[in-house]
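Here is the structure we will look at, set down as structure tokens.
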Amino acid sequence: MMRLPGFQYRAPRNIEEAAALLAEDPGNAMLLAGGTDLLPNMKRRQQTPATLIGLRGVRELSEISNGDGLTIGAGVTLSRLTGDPRIQQAYRGLWQAAAQVATPHLRNMGTIGGNLCLDTRCTYYDQTHEWRKSIGFCMKKDGQTCWVATSSPKCLAVSSTDTAPILQALGASVTLVSSRGSRVVALADLYANDGMHYLTRQPDEILSSIAVPALDGWRSAYWKLRRRGSFDFPVAAAAVALQLDGSRVVDARIVLGAVASRPVGAERAEALLRGQDLTDDLIAAAASAASEVAKPMDNTDFELVWRKKMVRSLVTDALREVRGDDVRARRRQIARLEWLSPQP
Ligand SMILES: Cc1cc2nc3c(=O)[nH]c(=O)nc-3n(C[C@H](O)[C@H](O)[C@H](O)COP(=O)(O)OP(=O)(O)OC[C@H]3O[C@@H](n4cnc5c(N)ncnc54)[C@H](O)[C@@H]3O)c2cc1C
Ligand code: SF4
């Protein structure tokens, strides 16, 4: 059985207190939300903070409020998010992404803030301490070399959060609070393409809330590739948000997940869509353009060339779903037919 290392636990009651505690020693303290990622990581000694600052008692982090769009507290659990009718109706892609994170039990504990700040993943890193020790560790923790690309000056671990790509596509921004004050940044600017330093958040900052603008006339969808259909981290994903006027695309955002150390925008594909009728040919062209920016590395589940190919398929399905096609029913039907007539 893997045991947690020793740590000091602090339980602030409000955000100011939490920020003050974090400011005491930001380099050696970490924030604990649901703990569904951080605690297993600590058991594997991937992260070994001297102090954990628990956010469970900070009430203001657990609110969802209406304004010009929605403001979601970082401490809102994924179960609560998926049960909220406003998310189900107006932000369908976000609902789909949150509903596909982990398992029901983990979604009951896991928060949206923890999901956005989720550690990057890699075959050489998400292992026990003994396993990592046997290969001399790696650059991300305790070692010098990146085993994925030995000449790489930086870690290439994969951004594996399901909600970040779709929230980026929805134009979300986040508020970061510290004892020095607060600032609002576009979600896209929260991430850096570096597996070790994947957040631009400062060590003394707390992600307090996520603002999603009102998106009248927009539709969104999220498709992910994972090993186990019941639950698993994404190894490629497509988040699509389109503003439609009938069948004409007024505006488009496509963001890919799990193909780099951060969510990746597919700007050329977006430009192809704007002002055009969303035909099958246009969807094929946009999906092809989107797959060009996907540069997965060989450090997660499935073969990397196939993962890159699957990006085209995920973007196609997401665009078709946003158009109104019943893609999920078609996929289920194909799966049933394959089951009934197995290939030799
Ligand atoms: C078996 C299993 C399967 C999983 N599958 C998926 C999956 O399919 N998709 C997916 O996206 N995730 C998956 N996860 C990871 C995890 O469950 C979710 O990402 C969850 O949303 C993390 O939220 P949390 O509140 O538990 O975060 P925690 O574990 O508490 O924290 C995660 C990180 O975020 C930081 N953090 C937390 N809150 C804040 C804040 N307010 N401000 C700044 N930093 C903060 C923590 O310090 C830590 O670094 C899986 C986990 C397990 C164990
Ligand atoms: S990408 Fe390289 S440095 Fe990063 S976790 Fe994997 S092996 Fe380690």
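Observations on the structure shown:
Residues are listed down the side, and each one gets a yes or a no for (1) more than 8 Å from ligand 1 (Cβ to nearest atom); (2) buried (at least 22 other Cβ atoms within 10 Å of the Cβ); (3) within 23 Å of LEU156 (Cβ to Cβ):
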| residue | (1), (2), (3) |
| --- | --- |
| ARG92 | yes, no, no |
| TRP95 | yes, yes, no |
| THR103 | no, no, no |
| ARG107 | no, yes, no |
| ILE112 | no, yes, no |
| THR120 | yes, yes, yes |
| THR123 | yes, no, yes |
| GLN127 | yes, no, yes |
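- The residues in segment 141-183 that are closer than 22 Å to ALA98 by Cβ, within 14 Å of ligand 1 (Cβ to nearest atom) and out of contact with any Leu (no Cβ under 7 Å at 6 or more places or on another chain) can be counted, and the count is 4.
- Only residues that are over 23 Å from THR200 (Cα atoms) and either of a type outside the set (A, V, I, L, M, F, W, C) or in a loop (DSSP other than H, G, I, E, B) (or both) were counted across segment 236-268, and they come to 7.
- The set of residues in segment 85-131 that are within 13 Å of ligand 2 (Cβ to nearest atom) and either in contact (Cβ under 8 Å) with a residue 40 or more places away in the chain or part of a strand (DSSP E or B) (or both) comprises ASP119, THR120, ARG121, CYS122, THR123, TYR124, TYR125, ASP126, GLN127.
- Among the residues of segment 271-315, those that are within 20 Å of the chain's Cα centre (by Cα), more than 16 Å from ligand 2 (Cβ to nearest atom), free of Cβ contacts under 8 Å to residues at least 40 places away in the same chain and assigned to a helix (DSSP H, G or I) comprise SER291, ARG312, SER313.
- Residues satisfying the stated conditions in segment 132-161, i.e. assigned to a strand (DSSP E or B) and over 15 Å from SER261 (Cα atoms): CYS138, LYS141, ASP142
- Scanning segment 213-231 for residues that are modelled with pLDDT of 95 or more, farther than 19 Å from LYS309 by Cα and surrounded by fewer than 22 Cβ atoms within 10 Å (Cβ to Cβ) yields PRO213, ALA214, ARG219.
- Total residues in segment 27-72, condition in a strand (DSSP E or B) and either in contact with a Pro (Cβ under 8 Å, 6 or more places away or on another chain) or more than 9 Å from ligand 1 (Cβ to nearest atom) (or both): 13
The values are calculated or read from the model by the stated rules, or taken from the named source; none is laboratory data. Every value quoted in this text rests on a predicted model; they were computed, and no experiment measured them. Here Cβ is always computed from backbone atoms with ideal geometry, including for glycine, and neighbour counts include all displayed protein chains.
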